1. In whole percent, what relative contact order does chain B give with Cα contacts below 8 Å and a gap of six or more residues?
2. Once the Cα atoms of the stretch B:65-129 are picked out, what are the Rg and Dmax in Å?
3. How many nm separate the modelled label positions at residue B:207 and residue A:129, each set 7 Å beyond the Cα in the direction of the Cβ?
4. As a test, work out the antiparallel percent of DSSP beta bridges whose residues both lie in chain B, rounded to the nearest 5.
5. Could you tell me which helices of chain A pass both thresholds, a Cα extent of 20 Å or more along their own axis and a mean Kyte-Doolittle hydropathy of at least 0.0, with helices taken as whole DSSP H runs?
6. Rounded to the nearest 5, what % of DSSP beta bridges with both residues in the protein assembly as shown are antiparallel?
7. With a 1.4 Å probe on protein heavy atoms only, work out how much accessible surface A and B bury together, total over both chains, in Å² to the nearest 100.
8. Let's see if you can work this out: charge +1 on each Lys and Arg Cβ, -1 on each Asp and Glu Cβ, no other charges. What is the dipole magnitude of the protein assembly as shown about its Cα centre, in debye to the nearest 20?
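The values are calculated or read from the model by the stated rules, or taken from the named source; none is laboratory data. Predicted model, so just to flag it, every value in this text is computed and none were measured. Quick reminder, even Gly has a Cβ in these numbers, built from the backbone with ideal geometry, and neighbours come from all protein chains shown. Surface accessibility is based on the protein's heavy atoms, side chains included, excluding ligands, DNA and RNA. Shrake-Rupley method; radii C 1.70, N 1.55, O 1.52, S 1.80 Å.
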Protein chains: 2
Amino acid sequence: MIVDCHGHYTTAPKGLWDWRKAQLNERISFRAEPRISDDEIRESLETAQLKLQRERGSDVTFFSPRAGSMEHHVGDASVSMAWSRVCNDLIHRVCSLYPKNFAPVCQLPQSPGVSPANCVAELERCVKEMGFIGCNLNPDPSGGYWKDLPLTDRFWYPIYEKMVELDVPAMVHVSSSCNPAFHFTGAHYINADTTAFMQFLTSDLFKDFPTLRFVIPHGGGAVPYHWGRYRGIAQDMGRPPLKELLLNNVYFDTCVYHQPGIDLLLKVIPVENILFASEMVGAVRGVDPESGHYYDDTKRYIDNSALDPEAKRKIFQENARRVYPRWKPSAG
Amino acid sequence: MIVDCHGHYTTAPKGLWDWRKAQLNERISFRAEPRISDDEIRESLETAQLKLQRERGSDVTFFSPRAGSMEHHVGDASVSMAWSRVCNDLIHRVCSLYPKNFAPVCQLPQSPGVSPANCVAELERCVKEMGFIGCNLNPDPSGGYWKDLPLTDRFWYPIYEKMVELDVPAMVHVSSSCNPAFHFTGAHYINADTTAFMQFLTSDLFKDFPTLRFVIPHGGGAVPYHWGRYRGIAQDMGRPPLKELLLNNVYFDTCVYHQPGIDLLLKVIPVENILFASEMVGAVRGVDPESGHYYDDTKRYIDNSALDPEAKRKIFQENARRVYPRWKPSAG
């Protein structure tokens, strides 16, 4: 069984985006539901994520709302709350229609400067009432201005306490950038991954929360490429070795879109800390003329790597079970 | 001959930092000179950069003021101007004392929100009066808040016009971070490299300036690790292939502090676009227990790579001559 731990509903039907537009124009009640039929949901997936699962040979995707549309910086906390609920409810519908193919991961109703305590109820609703298995946590709700405190500050502890209690991990994932310096998928996403890792490196967060778990997406940003730099910085700071300091709590996905990048990741990061993912349909949608295959068909890079079958099994499935213990393969 | 294109005067004598303190406390005239003897300069280098050049077998370092101390966000444009002049004058003294070992690269008197036209005179003074061969350009003078426009905006064109006229490249290098989200050498530096590359990717800057040249330090941030992502994003945007779009103007240094990272860099980036560098004495100062050698002894990684001698010669010397044409080896 091949588990893809990182997929967003980038192809959600028009009814969702209509709802969002109406919300931002204050033309609807926050309690209204988007007008989306089950058939529209099926169509949006059959021609995209489900088709690619079949073609590429993955079995299940941990599925969350479109990251770029979380837009925690738009409107206030109540806008973010209503939008998050609508997005999460839609993910729940997807996973109810296709329980074998998708497992639900939620968006949190974050808002710049607002305590993450404000997200606890929605996380609890998703996990307890709708069977969600994880969440996406945005380290920069200001959308590219980095106005909130580092992830290691006590500011964030209320959501960590709930994550630990519910035994769900968070993927560290920013949303779109409203800072013209940062292209969203080309700079902001990758920078956020690197930034979060470095925040963890300098703190004792995991002494306070020994079972807290984060997945850093996009292959860990710049971190594996600069693994020597990070080992060296930690050493210069008198911190414990990275393995001991972070690798019981921090995991990397495989959203790296070429063979040499994946080979580096597999070489420097322990196999127990790597989770298969493709983020399809996502940031890069074309076919690589150098390989003749989709850039984001990351399964192919793992298949082609020098790893032994046991290591591949860990990356494709076993690590995901360990990091997301609430996920149980559906008899579907 | 081995040319290290990236070194900062991190070991500058106390007199420099005393001057800076006095400047910020407004206790001296901006025209005062720091009290630093030639012997103090010699001592600060003999025990550090010069010693390491000898031990590691490099011949010359392109040498600029300490990056973390440029602090363009501190004070106003006149503070930045006075501090830049003092720092550049000191680099000139270093290079006059050791013309074989160091070639001068200047700090620019940038200031948040102030037009880079304000830097033209200092660049010209350094190049024409003191023989500087390049400059460091800070893409975020606000120190971690990214308040200025992208490097591709016309805002920056006055300094590019002067760089082209003088035929000097810029290394894209931020300074310290005053944003608590970003650790300076662990996040801000690497993020800035990634950010600058993505800015270049989305623009036609090099149509306007076909001979403008940038070195992106720290191995290009996250870029080579995500080379497939960047090729794919450019393709999705309908941009030309990266090689054609950027690689006549954008170069990467080799400040990547472990063998697998360097191996990746050498594999995915054309050898003509890679310049040897170590950034010693810099961000990482320890010995890697896995190799038994200094993390930042990057010459060792190039030596140990699979490249042929011709390719190594390009990285160690020929590319530097091409990118920094004002540099001429001193008969010393």
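1. On the way: 595 pairs, mean separation 59.6, N = 332.
Normalised by residue count, the contact order of chain B is 18 percent.
2. That works out to 12.0, 38 Å for Rg and Dmax.
3. The answer from the label model is 5.3 nm.
4. Numbers: 2 of 23 bridges.
For chain B, the DSSP antiparallel bridge percentage is about 10.
5. Details: long enough: A:77-97 (30 Å, 0.57).
Answer set is A:77-97.
6. Details: 4 of 46 bridges.
Of the beta bridges lying entirely in the protein assembly as shown, close to 10 percent run antiparallel.
7. Numbers: alone 13950 and 13980 Å², together 23490 Å².
In total, chains A and B hide about 4400 Å² from solvent.
8. Working: 72 positive and 80 negative charges, 20 e Å.
Computed charge dipole of the protein assembly as shown: roughly 100 debye.
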